[in-house]
Amino acid sequence: MSPTPAPGGPAGPASCDFVVFGGTGDLALRKLLPALFLRDAEDQLADDARIIGVSRADVDDAAYRAGARAGLADHVPDADPVAVDRFLGRLHHVPLEFDDAEGWHLLHGLLKNRPLGEPDPVRVFYLAVAPSLFGLICERLEQVGAVDERSRVVMEKPIGHDLESARAVNDAVGRVFDESQVFRIDHYLGKESVQNLLVTRFANTFLEPVWNAHWIDHVQITVAESLGVGSRGGYYDRAGALRDMVQNHLLQLLCLVAMEPPTVASREDVRDEKLKVLKALKPLTAAEVDRDTVRGRYGAGLVDGEPVASYAEEVGVPDTRTETYVALKAEVNNWRWAGVPFYLRTGKRMDRRLSEIVVVFKQPPHAMFPHSEGVNEANRLHIHLQPDEGMRMHMTAKEPGPGGIRLRPVSLDLSYAATFEQRLPDAYERLLMDVIRGNPTLFMRRDEVEAAWTWVEPILDRWASTPERPRKYPAGTTGPTAAATLLERDGRAWQETDQ
Ligand code: BG6
């Protein structure tokens, strides 16, 4: 998908100043710094590359480095100590109150503090803060003169909380940065298995002729997490699963399954094709929202044998209306997919962590083995995104032996771990290097984000206008029973196992 064969690709180390707003936050410590460290350990950062954390915390470089060291110890436990020391030497921290001019000048001074005569390197401004601050930060950066045509801004989702606010954020950022400098991150697009989905579809010939409504009965996309909301309750209770997962990750996965082959797997071509899918999503009426969507919220339960609290207790909001689970039926109104339902579901505190796409093919048009034992099941392609990346194609075979024909389900397996025997890089490793190198293929364009909100908004509106609350499901289960009914009504069932 991206032209780069390894995270970040083969080109020489990229010189840059990588500025992280929210530099002491959870995302920075858990994902961004470990990802940059792992790329640095592979010599993909230039000798003079710097990483500058910006936050309200009153910490100096030494304290910031100590915090980062602890974060790396947690998230990259087998890190080479020499590489860790080299990486920590790149880190700086600038304490900054957004409305205080001094911090901005401090930041700009640090950015300008480069050897005389050398051109400014690429500047990446990573906004790992609330979206309401995106516009303000960009404006201030421009005011102090920190933005030039080689600067890039990276926005973490959520971008807004509905279409209008997303437009406002995009407008505000767009007043400072050209769209070509804006990188809207959806980390699902950086996952190896997600990129492999495109390679599987478009670098092979056997699937494409059957990848359509003639041969495919329906598609299921599941992103289940066993974790709860943890320390992110404040954000999550305002967002909910539809905004947090469906509007971005699940719709992006749907796009990759449903899109037409782009001319080349780079830049605008991929994004153009994804946009066409988003625009072809059939809008849901209020009655369809009532019928085709299910929302749930976890109560107390057992996860991995351990008792866990209910969502309301976890976030400390007894009368919360926020959903932690969504299942819904979507349709892509175009020639290829007419009449093929896409069932999407995602939830927290489920019985296990599992993300997969299941493509269920139609039954053979004619039952040729009517007197055989066993069942001629429909073919299914399971694309495992996590935790065990790979694919499994379910088909029917003849059980060996004399006498009549006995049919037996068998599977063709591709396990990434067994096939490639190498560490699979985290999605952020690739995506951050793509930003530094200026490759936007795996990032969402403004029109994609807004098209996704356009489709999601009637669901949000309908949910907000009914007194109904999300259905309760015990933590550690597969979600509310109504989600099963959603498919049963259509004569189908969720694929709970890949057997
Ligand atoms: C994030 C959501 O975008 O994705 C989180 O905000 C969610 O709520 C996370 O837990 C899931 O990502 P992954 O890579 O662990 O599946």
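The values are calculated or read from the model by the stated rules, or taken from the named source; none is laboratory data. This is a predicted model, so every value here is computed, not measured. All Cβ positions, glycine included, derive from the backbone under ideal geometry; neighbour counts span all protein chains shown. Remember, those area values only see protein heavy atoms, side chains included, never the ligands or the DNA or RNA. Shrake-Rupley method; radii C 1.70, N 1.55, O 1.52, S 1.80 Å.
Which is among the hydrophobic types (A, V, I, L, M, F, W, C), surrounded by 20 or more Cβ atoms within 10 Å (Cβ to Cβ) and under 30 Å from Phe37 (Cβ atoms), of Leu328, Leu381, Leu424, Leu385? Steps first, please.
Values: Leu328 fails: under 30 Å from Phe37 (Cβ atoms); Leu381 fails: under 30 Å from Phe37 (Cβ atoms); Leu424 fails: surrounded by 20 or more Cβ atoms within 10 Å (Cβ to Cβ).
Answer to the selection: Leu385.
Every residue, every condition in (1) within 16 Å of the ligand (Cβ to nearest atom); (2) of a type in the set (Ser, Thr, Tyr), yes or no:
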| position | (1), (2) |
| --- | --- |
| Thr346 | yes, yes |
| Arg349 | yes, no |
| Leu354 | yes, no |
| Val359 | no, no |
| Arg380 | no, no |
| Glu389 | yes, no |
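Given the residues Arg86, Arg150, Arg123, which is the only one that is away from the ligand (no atom under 16 Å from the Cβ) and assigned to a loop (DSSP other than H, G, I, E, B)?
Values: Arg86 fails: assigned to a loop (DSSP other than H, G, I, E, B); Arg123 fails: assigned to a loop (DSSP other than H, G, I, E, B).
The match here is Arg150.
Do we find a residue being touching a Leu at 6+ places or on another chain (Cβ under 7 Å) and of a type outside the set (A, V, I, L, M) anywhere in the stretch 377-386?
Residues of the stretch 377-386 that are touching a Leu at 6+ places or on another chain (Cβ under 7 Å), as a first pass: 383.
Imposing the further condition that a residue be of a type outside the set (A, V, I, L, M) reduces the set to none.
Checked against the condition, which is being touching a Leu at 6+ places or on another chain (Cβ under 7 Å) and of a type outside the set (A, V, I, L, M), the stretch 377-386 yields no hits at all.
Of all residues in the stretch 126-147, which are away from the ligand (no atom under 16 Å from the Cβ) and open to solvent by 10 Å² or more (accessible area, probe 1.4 Å)?
First, the residues of the stretch 126-147 that are away from the ligand (no atom under 16 Å from the Cβ): 132-147.
Passing the criteria: Ser132, Leu133, Gly135, Leu136, Glu139, Arg140, Glu142, Gln143, Val144, Gly145, Val147.
Could you please let me know if Gly347 is assigned by TED's automatic domain parsing to the domain that holds Asp237, more than 30 Å from Gly438 (Cβ to Cβ) and at pLDDT below 95?
Values: assigned by TED's automatic domain parsing to the domain that holds Asp237: yes; more than 30 Å from Gly438 (Cβ to Cβ): yes; at pLDDT below 95: no.
Against the criterion (assigned by TED's automatic domain parsing to the domain that holds Asp237, more than 30 Å from Gly438 (Cβ to Cβ) and at pLDDT below 95), Gly347 does not qualify.
Can you pull out the residues in the stretch 288-309 that are closer than 17 Å to Pro341 by Cα and open to solvent by 60 Å² or more (accessible area, probe 1.4 Å)? Lay out the reasoning, then the answer.
From the stretch 288-309, those closer than 17 Å to Pro341 by Cα are 288-294; that's our starting set.
Correct list: Asp290, Arg291.
Would you call Val456 modelled with pLDDT of 95 or more, of a type outside the set (Asp, Glu), open to solvent by less than 10 Å² (accessible area, probe 1.4 Å) and closer than 30 Å to Thr320 by Cβ? Outline the logic, then answer.
Values: modelled with pLDDT of 95 or more: yes; of a type outside the set (Asp, Glu): yes; open to solvent by less than 10 Å² (accessible area, probe 1.4 Å): yes; closer than 30 Å to Thr320 by Cβ: yes.
It is true that Val456 is modelled with pLDDT of 95 or more, of a type outside the set (Asp, Glu), open to solvent by less than 10 Å² (accessible area, probe 1.4 Å) and closer than 30 Å to Thr320 by Cβ.
Just give me the residues in the stretch 51-83 being part of a strand (DSSP E or B) and of a type in the set (Val, Ile, Thr), in sequence order.
Taking the stretch 51-83 first, the residues part of a strand (DSSP E or B) are 51-55.
Residues satisfying the conditions are Ile51, Ile52, Val54.
Give the stretch 81-100 a look and list any residue that's at pLDDT below 95 and surrounded by 12 or more Cβ atoms within 10 Å (Cβ to Cβ), or say none. Break it down into steps so the answer makes sense when it comes.
Filtering the stretch 81-100 for residues at pLDDT below 95 gives 96-100.
Matches in the stretch 81-100: Leu96, Phe98, Asp100.
Are any residues in the stretch 148-162 in contact (Cβ under 8 Å) with a residue 40 or more places away in the chain, open to solvent by 10 Å² or more (accessible area, probe 1.4 Å) and over 16 Å from Tyr235 (Cα atoms), and if so, which ones?
Residue satisfying the conditions is Arg152 alone.
Looking at the stretch 272-287, which of its residues are among the β-branched types (Val, Ile, Thr) and buried (at least 20 other Cβ atoms within 10 Å of the Cβ)?
Going through the stretch 272-287, the residues among the β-branched types (Val, Ile, Thr) turn out to be 277, 285.
Selection gives Val277 alone.
Taking the stretch 388-413 as the search range and keeping residues that are under 21 Å from Ser355 (Cα atoms) and modelled with pLDDT of 90 or more, which one is surrounded by the fewest Cβ atoms within 10 Å (Cβ to Cβ)? Can you show your working first?
From the stretch 388-413, those under 21 Å from Ser355 (Cα atoms) are 388-394, 411-413; that's our starting set.
Then keep just the ones that are modelled with pLDDT of 90 or more; that gives 390-394, 411-413.
Values: Gly390: 19, Met391: 21, Arg392: 18, Met393: 17, His394: 20, Ser411: 14, Leu412: 10, Asp413: 12.
Among those that are under 21 Å from Ser355 (Cα atoms) and modelled with pLDDT of 90 or more, it is Leu412.
Quick check: anything in the stretch 129-137 under 21 Å from the mean Cα position of the chain (by Cα), part of a loop (DSSP other than H, G, I, E, B) and modelled with pLDDT under 95?
Within the stretch 129-137, one or more residues are under 21 Å from the mean Cα position of the chain (by Cα), part of a loop (DSSP other than H, G, I, E, B) and modelled with pLDDT under 95.
Do we find a residue being of a type in the set (D, E, K, R), within 21 Å of Leu133 (Cα to Cα) and in the same structural domain as Arg140 (by TED's automatic domain parsing) anywhere in the stretch 65-87?
Within the stretch 65-87, the first condition is being of a type in the set (D, E, K, R), and the residues that meet it are 65, 69, 74, 78, 80, 85-86.
Those left that are additionally within 21 Å of Leu133 (Cα to Cα): none.
So far as the stretch 65-87 goes, no, none of its residues is of a type in the set (D, E, K, R), within 21 Å of Leu133 (Cα to Cα) and in the same structural domain as Arg140 (by TED's automatic domain parsing).
Would you pick out the residues in the stretch 250-270 that are assigned to a helix (DSSP H, G or I) and surrounded by fewer than 20 Cβ atoms within 10 Å (Cβ to Cβ)?
Taking the stretch 250-270 and keeping what is assigned to a helix (DSSP H, G or I), we get 250-258, 267-270.
Correct list: Arg267, Glu268, Asp269.
So is Tyr416 open to solvent by less than 70 Å² (accessible area, probe 1.4 Å), in contact (Cβ under 8 Å) with a residue 40 or more places away in the chain and over 29 Å from Trp215 (Cβ atoms) or not? Step through it out loud before you land on a result.
Working: open to solvent by less than 70 Å² (accessible area, probe 1.4 Å): yes; in contact (Cβ under 8 Å) with a residue 40 or more places away in the chain: yes; over 29 Å from Trp215 (Cβ atoms): no.
No, not satisfied.
Which residues, counting only those in the stretch 43-55, are modelled with pLDDT of 95 or more and surrounded by fewer than 19 Cβ atoms within 10 Å (Cβ to Cβ)?
none
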